[in-house]
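The values are calculated or read from the model by the stated rules, or taken from the named source; none is laboratory data. All values reported here derive from a predicted model rather than from experimental measurement. Methodologically, a virtual Cβ is constructed for each residue, glycine included, from the backbone with ideal geometry; neighbour enumeration extends over all protein chains shown. Note: accessible area is taken over every heavy atom of the protein model, side chains too, but ligands, DNA and RNA are not part of it. Shrake-Rupley method; radii C 1.70, N 1.55, O 1.52, S 1.80 Å.
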Amino acid sequence: MLRLLQLASPQLPVGAFAWSSGLEGAVEAGWVQDDAGLGDWLAGLLGGPWAHQDLPALARLHAAWTLGDAVAVAHWNDWLSATRETAELRAEDRALGRALARLLATLDLPEAAAWAGAEARTGYATMFALAAARWGVPVEATLQALAWAWIENQVVAATRLMPLGQSAAQRRLAALMPDIEAAVALALALEDDELGCSAAGLALASCRHETQYTRLFRS
């Protein structure tokens, strides 16, 4: 449990604070303007691409690392990378993945070092799964932790992008907990041929973001 808390901590030095995963673009476009809109946006992403792509892939990566199946690890790492619909979202995932690989290599997980190179196509979920598998974290808890870490980073980003106070941010996090549980449950029930989900609004927000006049975040 302590290792899992460390892995999901907002203090994890991987640079997640610099990325908004398309949220800044959605705010700029006026699609997310208040707390209720933020809740709808995040719940939609949890029930869509997170439940049908990121979390099921994380579960498969967890199993692959546990079994020592390098072929499966490479397959699901590349599969998840291929689901990123814009260059910004792909760059975010790889930057966080390589940063986590470098960190894990200093935390008695030397096998992570091979994934830390500047040209490595390392997904964040791939390294998250490696740490969880090696530290004995159960798969369901691993999925919940990654979803929570993403949601928390999104809400923190929202406090910088729109009128959202700290207390309101905590209420929003609490309100999204059932959505996280539902997304994890669905992810664990999906078969391989059921995976995949396109979030057109997220892709459009991300595409618009790269030409946005002023930006606080890198995605």
Residue check for residue 159: in a helix (DSSP H, G or I), without any contact (Cβ under 8 Å) to a residue 12 or more places away in the chain and either within 17 Å of residue 21 (Cβ to Cβ) or under 15 Å from the mean Cα position of the chain (by Cα) (or both): yes
Residues within region 3-36 that are over 13 Å from residue 161 (Cα atoms) and assigned to a helix (DSSP H, G or I), tallied: 8
Residue in region 180-196 that is at pLDDT 95 or above and more than 24 Å from residue 125 (Cα to Cα) present: no
Candidate set: region 103-123, residues that are assigned to a loop (DSSP other than H, G, I, E, B) and open to solvent by less than 30 Å² (accessible area, probe 1.4 Å); chosen: the one farthest from residue 91 (Cα to Cα): 109
Yes/no for residue 215 being in a loop (DSSP other than H, G, I, E, B) and open to solvent by 30 Å² or more (accessible area, probe 1.4 Å): yes
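Every residue, every condition in (1) without any contact (Cβ under 8 Å) to a residue 24 or more places away in the chain; (2) closer than 23 Å to residue 216 by Cβ; (3) open to solvent by less than 30 Å² (accessible area, probe 1.4 Å), yes or no:
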site	(1), (2), (3)
29	no, yes, no
32	no, yes, yes
54	no, no, yes
85	no, yes, no
Conditions (1) under 21 Å from residue 77 (Cβ atoms); (2) among the β-branched types (Val, Ile, Thr); (3) surrounded by fewer than 18 Cβ atoms within 10 Å (Cβ to Cβ); number of the one not met by residue 139: (3)
Counted residues, region 146-203 - those being among the hydroxyl-bearing types (Ser, Thr, Tyr) and open to solvent by 60 Å² or more (accessible area, probe 1.4 Å): 2
Subset tally (residues that are of a type in the set (A, V, I, L, M), closer than 16 Å to residue 153 by Cα and open to solvent by 10 Å² or more (accessible area, probe 1.4 Å)) for region 1-27: 7
Tally of residues being open to solvent by 20 Å² or more (accessible area, probe 1.4 Å) and farther than 18 Å from residue 207 by Cβ across region 63-83: 14
The one condition in (1) under 13 Å from the mean Cα position of the chain (by Cα); (2) surrounded by fewer than 22 Cβ atoms within 10 Å (Cβ to Cβ) that residue 45 fails to fulfil: (2)
Residue in region 107-119 that is in contact (Cβ under 8 Å) with a residue 24 or more places away in the chain and of a type in the set (Asp, Glu) present: no
